[in-house]
Amino acid sequence: MKEILTKLLNHEELSREEMKHILIGITQSEYPTEQVTALLTALQMRGVTVDELLGFRDGILETGVPVPLDCDRYIDVVGTGGDRKNTFNISTTSCFVIAGAGYKVAKHGNYAATSTSGASNVIAQHGVRFTDDIDKLNRCMQECGIVYLHAQLFARAMKYVGPIRKALQFPTIFNLLGPLVNPSLPSCQLLGVATLDQMRLYQAVYQRLGIDYGIVNSIDGYDEISLTGDFKVTTNHYERIFSPADLGFAAAKPEELVAGATEKEAKEIFDAVLENRSLPAQKNIVLANAAFGIQVLEGGQKPIDECIDIARQSIDSGRALQTFMKFVELNS
């Protein structure tokens, strides 16, 4: 570790293999807390490279619990978090809309860090019990087209750095890793990022991983398509700035996206969207995010207006709600 820290102090970059071994060493308690703290601080001050991010990803996956799913093509829809906007569970709701449309989804998530309700919060509010039982997960995928992977059951390395991250009180490389360590290794991902710098970083990562991806960023700082203004989308096939009107939607107001002050309030919005009784803006935001997820699953071959129609049918027909009810039944 002394050699590693000397490299960082000299502004040198670490290799993917070096970072993987460091992560494994952290899980084996090879380094004092002070050295790990210095490492995370130095990386954050200099800025993380693609190889460094991939190396820590390799280490987390190698030391974690793998999830082999009996399914070839499925998607994860996730945001980096940390945009401080306290939005309702847009990505999670979108996942059930995508599954209701007949596609396969493996949603990876956790409890909220900076908002009222994370994916795990809203799902647990419905009585769901998280599991790492591979047979149960595969049965759920086969019967309702979606599984939920609660991050704490799979990424064992995270517990070793939890106290350090809490003490530092600023973002570290681990904040960037959440979207990249889905233990089922999906071949498709829709990722929401809070900044254009993050968009460029993840684009380079996805190109190295060779998966089908869509990365979205609302120009006013949301880590998802908020419809509060223009937003940028980058995929394997194109890079474009959209306005809400380009999708046939009215602009949303920021207050229409807020999750509320409690988990119960966030749950009510989630339920209202799936039951097709939400505010029009809440439904439209979910439709937009689900549609770009569907477009990624379709390999970019369907125009976005067709993907919006597919997502809308999932809600209007009740299939999104039926999918969620079946999911709860299988996991309670």
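The values are calculated or read from the model by the stated rules, or taken from the named source; none is laboratory data. Keep in mind that what you see is a predicted model, and the values were worked out from it rather than measured. Note that we place each Cβ from the backbone using ideal geometry, even for glycine, and neighbour counts take in every protein chain shown. When the accessible area is computed, the model is the full protein with side chains, heavy atoms only, and any ligands, DNA or RNA have been set aside. Shrake-Rupley method; radii C 1.70, N 1.55, O 1.52, S 1.80 Å.
Might you check whether a residue that is without any contact (Cβ under 8 Å) to a residue 40 or more places away in the chain and assigned to a loop (DSSP other than H, G, I, E, B) occurs anywhere in region 51-69? Break it down into steps so the answer makes sense when it comes.
Initially, region 51-69 is screened for residues without any contact (Cβ under 8 Å) to a residue 40 or more places away in the chain, giving 51.
Within this subset, residues satisfying the condition of being assigned to a loop (DSSP other than H, G, I, E, B) are none.
No: zero hits.
Here ALA155 does not qualify as more than 26 Å from ILE22 (Cα to Cα) and at pLDDT below 95. In this entry, SER120 passes the filter for residues that are outside any loop (DSSP other than H, G, I, E, B), touching a residue at least 12 places away in the same chain (Cβ under 8 Å) and either over 16 Å from PRO68 (Cα atoms) or open to solvent by 10 Å² or more (accessible area, probe 1.4 Å) (or both).
Scanning region 250-268 for residues that are without any contact (Cβ under 8 Å) to a residue 60 or more places away in the chain and within 14 Å of ILE90 (Cβ to Cβ) gives ALA252, GLU256. Restricting to region 210-249, name every residue that is closer than 17 Å to ILE90 by Cβ and of a type in the set (A, V, I, L, M, F, W, C). Across region 210-249, the qualifying residues are ILE215, VAL216, ILE219, ILE225, LEU227, PHE231, VAL233, PHE242, LEU247, PHE249.
Looking across region 41-50, the residues that are open to solvent by 20 Å² or more (accessible area, probe 1.4 Å) and either more than 17 Å from ILE173 (Cα to Cα) or in contact (Cβ under 8 Å) with a residue 12 or more places away in the chain (or both) come down to THR41, ALA42, GLN44, ARG46, VAL48, THR49, VAL50. Considered as a group, the residues in region 296-329 that are open to solvent by less than 30 Å² (accessible area, probe 1.4 Å) and out of contact with any helix residue (DSSP H, G or I) (no Cβ under 9 Å at 6 or more places or on another chain) include one that is nearest to LEU191 (Cα to Cα), and that residue is VAL296. Any chance you could count how many residues in region 217-272 are surrounded by fewer than 21 Cβ atoms within 10 Å (Cβ to Cβ), of a type in the set (Phe, Trp, Tyr) and over 12 Å from ALA288 (Cβ atoms)? Residues flagged as surrounded by fewer than 21 Cβ atoms within 10 Å (Cβ to Cβ), of a type in the set (Phe, Trp, Tyr) and over 12 Å from ALA288 (Cβ atoms) within region 217-272 amount to 1.
In region 12-40, the residues that are closer than 21 Å to ASP51 by Cβ form Cβ pairs under 7 Å with partners that are open to solvent by 70 Å² or more (accessible area, probe 1.4 Å) and outside any loop (DSSP other than H, G, I, E, B), at six or more places apart or across chains, as follows: ILE24/GLU62; ILE26/TYR160; THR27/TYR160. On inspection, ILE285 qualifies as in contact with a strand residue (DSSP E or B) (Cβ under 9 Å, 6 or more places away or on another chain) and either crowded, with 24+ Cβ neighbours inside 10 Å or free of Cβ contacts under 8 Å to residues at least 24 places away in the same chain (or both).
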